[in-house]
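A short write-up of the structure that comes next.
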């Protein structure tokens, strides 16, 4: 055998150094983007536009938390937008039908509803062994269809929602909207959960090598089921917060955001093939996409370009991951050259 | 005598109607390396999986810690102190070495968080004890197979394994790496661990074992301390079955050279492969599983890339390296896995048989059903296929499916036919029909390369036998020289003159 290349981590050039930590490169990109836009239009960093930015990104970032858990396991959850739609309208209806109901109770019911809908996905995927892509594509339509039937052209308006609840989406504490605080706290909890607990590491293990996960004694089906239940519950919470943020909800609420969420997660460094990524990175991915679309607005770029740019960013992120995987593959192959 | 750490008693196991293990008993003693040897399909891997808790034996028991039991899950085996290292390490490539070692049982701090510091410290200790220059935080992605096995061994060590089973751990290692692995094994042995070592490499087996057991066809054929064995004796026991008269290859005077390959190389898979095949010749390609036989065939046909080397059909070099080019040049390839690669199971026999020549069936751009039927009928009749050509393939028996695959390639009227394990999983009757067909094709002037793990089949059918070992050709045997011992010698990488050269007078290999 040829001599093994010594410690291969060295001397891989600036590109690898840049990508070694996805979080670092995301922060850098966001900083550069903000700097450039601010130079061109100083209003970009005004308190109002910063607040808008935070509000815009918060609900996506929240959903990204649940989606990260799912994608880490090499699964996918497309149904989240429909769960948000149902629970947003449900929250509004609760305020209309039960005047004086506590906002906490409404949030609790929304979360519980999301959890139950997530459990439907969980049962079909973990025990029915139907691929997640198919299952959640199906429930995406089923949940949305049920929502249309139930809403039946009605609409919840801001006047129906108590001001104290709407304050979640408007008031700030220390300059940061309450909505954003909620997401930040959950981000910290998820980050600790995925890093510091055995259960959290199991999500990584399952996505990295499902067979090895079985051999390590992990109950893979149960872990996958819990993942989809968490994703559903998060979507339920996002539904209640959607109402607080926008005040107005009809049957089309949140339609299509599942793709933005998945794009953010992948841009944020959670590998679509599982096993790699962090919630912090994923939320930074959401922030990057959000800053990017604000930039385009501030620079008066036509809105249809925004979607194209979003797609381009997804492809760049996936290409970067593929490039790194390729480098690794090359390296392992060199080590095999003894035959 | 000391009592064994674990003892298998009269283990039986069947998969469907196939009996894999028939009354296997095997003790593993503390501080002893016990090697398990046998041909492909002798039942070694199944035995390993039963001890690992992946399979449940149909009958029999394991005596372990004063109890008779069978492991019902991998977790149960691990907790009992039985660790298994598979040929292909089963690791989480995205996670660190330390996390791989401790997955699902990480040490915790007082707050219930994972104690990464403790985890890394423990793994770091083991790494330096084993003399490996890796860091516990290093990701597994990018580690060599040897280093991945070190990770598996550390996993076993942290389980405080009393029994360590290694299923062909050296198959993918270089000499240096094997040496290091053996030092580790030696250290474990001195600590009193009972080790089972499954390997095809005889010199390694003799170097490391204290006890050897040979299996054949699901039974233990011989077992005893290493001093009582010789290499020849092991090989004789591994192969020793009678060669029956199933194989009717007729003598054909070889014609022009059809295929010539020169120094084929694919990094990490095979190298220095040169040989030629003539008209009317059947060349057998023998070797153990993983020796690279199928890979060479796939590369010749253009499915897998070549790093260097030349493939010539007649006098023309096959420059465009793709299956289409190989087919156009006159190569047919019948792959090993009929279901996945050879047949579209839901389509009819007729459709399958003409898939390779759709272009010839075109009339006004559409497939002509008459021509399709005509050609399918011609070849399936010649193959003596049972069943109607308008029936779907998946209702046919294994033997008949194999005939459809053959018919499909014969329809292209190839000059060279490569068949990979043509009779695996088919019954004896169908087997001899496949053999008769191959023989007839050779007689008609076709050149054939036959890859087979079935030694009597290779010996009976091939005019010449090429033997591969770990990606290289280690022997070329003429029909007269071909015995099971000679093939096994070359297939297990034994080089130089064999001490039992004269024993080839007993072609059935019985000792």
Restrict the check to region B:102-122 and report whether at least one residue is more than 13 Å from chain A (Cβ to nearest Cβ) and under 18 Å from residue A:216 (Cα atoms).
no
In region B:83-100, anything within 9 Å of chain A (Cβ to nearest Cβ) and either modelled with pLDDT of 95 or more or under 21 Å from residue A:271 (Cα atoms) (or both) is listed as B:90, B:91, B:92, B:93, B:94, B:95, B:99, B:100
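List the strands (runs of 3 or more DSSP E) that sit entirely inside region B:435-511 and contain at least 2 residues that are modelled with pLDDT of 85 or more, touching a strand residue (DSSP E or B) at 6+ places or on another chain (Cβ under 6 Å) and crowded, with 23+ Cβ neighbours inside 10 Å.
Here the list reads B:447-451, B:464-469.
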Quick check on my filter: what residues within region A:206-219 are in contact (Cβ under 8 Å) with a residue 24 or more places away in the chain and either in contact with a helix residue (DSSP H, G or I) (Cβ under 8 Å, 6 or more places away or on another chain) or not in a helix (DSSP H, G or I) (or both)?
A:206, A:207, A:209, A:210
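Residue by residue, here is whether (1) touching a strand residue (DSSP E or B) at 6+ places or on another chain (Cβ under 8 Å); (2) surrounded by fewer than 19 Cβ atoms within 10 Å (Cβ to Cβ) holds:
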site: B:14; (1), (2): yes, yes
site: B:25; (1), (2): yes, yes
site: B:33; (1), (2): yes, no
site: B:44; (1), (2): yes, no
site: B:78; (1), (2): no, no
Within the group B:65, B:112, B:81, which residue is closer than 27 Å to residue B:31 by Cβ and more than 32 Å from the chain's Cα centre (by Cα)?
B:65
Look through B:161, B:146 and report the one residue that is assigned to a helix (DSSP H, G or I), touching a helix residue (DSSP H, G or I) at 6+ places or on another chain (Cβ under 9 Å) and under 27 Å from residue B:121 (Cβ atoms).
B:146
Boolean, residue A:189 is within 14 Å of chain B (Cβ to nearest Cβ), part of a helix (DSSP H, G or I) and within 19 Å of the chain's Cα centre (by Cα)
yes
Which one of A:277, A:285, A:232, A:227 is buried (at least 24 other Cβ atoms within 10 Å of the Cβ), under 30 Å from residue B:159 (Cβ atoms) and more than 14 Å from every other protein chain (Cβ to nearest Cβ)?
A:227
Select, from B:72, B:19, the only residue that is modelled with pLDDT under 90 and part of a strand (DSSP E or B).
B:19
Output the number of residues of region B:30-56 satisfying the condition of being more than 19 Å from residue B:79 (Cα to Cα) and part of a loop (DSSP other than H, G, I, E, B).
7
Is there a residue in region B:58-65 that is more than 14 Å from chain A (Cβ to nearest Cβ) and surrounded by 20 or more Cβ atoms within 10 Å (Cβ to Cβ)?
yes
Kindly indicate whether any position in region B:172-183 is closer than 20 Å to residue B:83 by Cβ and part of a strand (DSSP E or B).
no
If only one of A:68, A:2, A:34 is modelled with pLDDT of 90 or more and farther than 30 Å from residue A:116 by Cβ, which one is it?
A:34
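The values are calculated or read from the model by the stated rules, or taken from the named source; none is laboratory data. Everything numeric in this text was worked out from a predicted model, so none of it was measured. In this analysis, Cβ positions are derived from the backbone assuming ideal geometry, glycine residues included, and neighbour counts consider all displayed protein chains.
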